[in-house]
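The values are calculated or read from the model by the stated rules, or taken from the named source; none is laboratory data. These numbers were taken from a predicted model, which means no experiment stands behind them. All Cβ positions, even for glycine, are placed from backbone atoms using ideal geometry, and neighbour counts span all protein chains on display.
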Amino acid sequence: MTSPSDPSRTLIVLNPHAGSGRAGRMWQSLEPLLWEYLGELLIAVTDKPGDVAAHLDKARAAGLTRVISIGGDGTNHALINALADLNHRYPDAPRMVYGNVPIGTGRDWARGNGIPFNDPQAAARWIATAQPTATDIGKISIGDHEEYFLNIASAGLGGEVARRVERVRRRRPWTFLTATLGAIIERGAAPMQIEIDGVPWYEGRAYAAVVANGSTFGRGMKIAPHADVRDGLFEVVLVKGVPRVEVLAAFQRVYSGTHLTHRAVMSARARSVRVRSDAALGVELDGEFAQGGSLEFTMQPGLLSLLA
């Protein structure tokens, strides 16, 4: 009989609407595999980020030490925020281990971290043998609001892309590409003042300031090809306010990760980034939308224990 504190028990957080409903449709075939690979499961079905923290609190109180989400980058975003909060509230408690079976539109965290992203059953098998590893996450402060991100935060163009994608009811493989091209063509650069590690780095108009923990976003765009989620540093990528034709030329190289040498692009590595603008900048956080004119990003080294 499994005891209440048995670490073999696992909380499963299922977002049935992830991937335009694909997660819900695939659950019937995934569930028996997860029971076989992971042992006893406690299953929480929700598409509301606010519910995730309550499920984690109950799981922690019951002695569970592992949580697996079934969903995409948005589901990841909800889980890592709840887990970071849990770690801050119980700093002396063992950290709950987190893993993700990626079923979503972008699945960029999986793409950049060696997790099978086109086959949920293969991802479930991968989860069974993956080992807990201390992993960095980022924190953004917008005024008094603080939020965490696992993969990438992007101010400017990224916020507009997130808003456009959010409006698409049924997302296709090309949704991020068309949203990005539309945003480049229709939206202008915004004034930005950027500091990295407290030192002025850029002042002028820019299309995007990308603060990357992971390497890819937008369904496979290798925006930060040198990013490492365990080195305690962001890769910062700036798209300058050059003519649109140059931005489009740089964008052609982003899927191969060779855009960093284009004259429209600047890059650096940093533990902290501050972005100021007279305009309200749209911000994309793991695919979720936020907004503000004063943004601070700080690296949180090794804050979470993730399966890798």
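Residue-by-condition table, conditions (1) assigned to a loop (DSSP other than H, G, I, E, B); (2) in contact with a Ser or Thr (Cβ under 9 Å, 6 or more places away or on another chain); (3) free of Cβ contacts under 8 Å to residues at least 12 places away in the same chain; (4) at negative phi:
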site: 225; (1), (2), (3), (4): yes, yes, no, yes
site: 236; (1), (2), (3), (4): no, yes, no, yes
site: 249; (1), (2), (3), (4): no, no, no, yes
site: 275; (1), (2), (3), (4): no, yes, no, yes
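Considering only region 6-25, I want to know if a residue exists there that is more than 27 Å from residue 285 (Cβ to Cβ) and surrounded by 15 or more Cβ atoms within 10 Å (Cβ to Cβ).
Within region 6-25, one or more residues are more than 27 Å from residue 285 (Cβ to Cβ) and surrounded by 15 or more Cβ atoms within 10 Å (Cβ to Cβ).
Without any contact (Cβ under 8 Å) to a residue 60 or more places away in the chain and in a loop (DSSP other than H, G, I, E, B): does that describe residue 85?
no
Does residue 101 satisfy the criteria of being of a type outside the set (Gly, Ala, Ser), touching a helix residue (DSSP H, G or I) at 6+ places or on another chain (Cβ under 6 Å) and either surrounded by 24 or more Cβ atoms within 10 Å (Cβ to Cβ) or at pLDDT 95 or above (or both)?
Here the answer is yes, as residue 101 does meet what is asked.
Given the condition small (Gly, Ala, Ser), on the phi > 0 side of the Ramachandran plot and assigned by TED's automatic domain parsing to the domain that holds residue 276, answer yes or no: does some residue in region 92-115 qualify?
no
Of the residues 140, 152, 196, which single one is farther than 26 Å from residue 85 by Cβ, modelled with pLDDT of 85 or more and of a type outside the set (Gly, Ala, Ser)?
When all the criteria are applied, what remains is 196.
Being closer than 26 Å to residue 119 by Cβ, of a type outside the set (Lys, Arg) and touching a helix residue (DSSP H, G or I) at 6+ places or on another chain (Cβ under 7 Å), is that true of even one residue in region 55-62?
Within region 55-62 (the criterion being closer than 26 Å to residue 119 by Cβ, of a type outside the set (Lys, Arg) and touching a helix residue (DSSP H, G or I) at 6+ places or on another chain (Cβ under 7 Å)), the answer is no, since none of the residues qualifies.
Pick out the one residue from 244, 219 that is among the basic types (Lys, Arg), over 16 Å from the mean Cα position of the chain (by Cα) and more than 26 Å from residue 134 (Cβ to Cβ).
After ruling out the rest, the residue left standing is 244.
Among the residues of region 109-127, are any part of a helix (DSSP H, G or I), farther than 17 Å from residue 71 by Cα and at pLDDT 90 or above?
no
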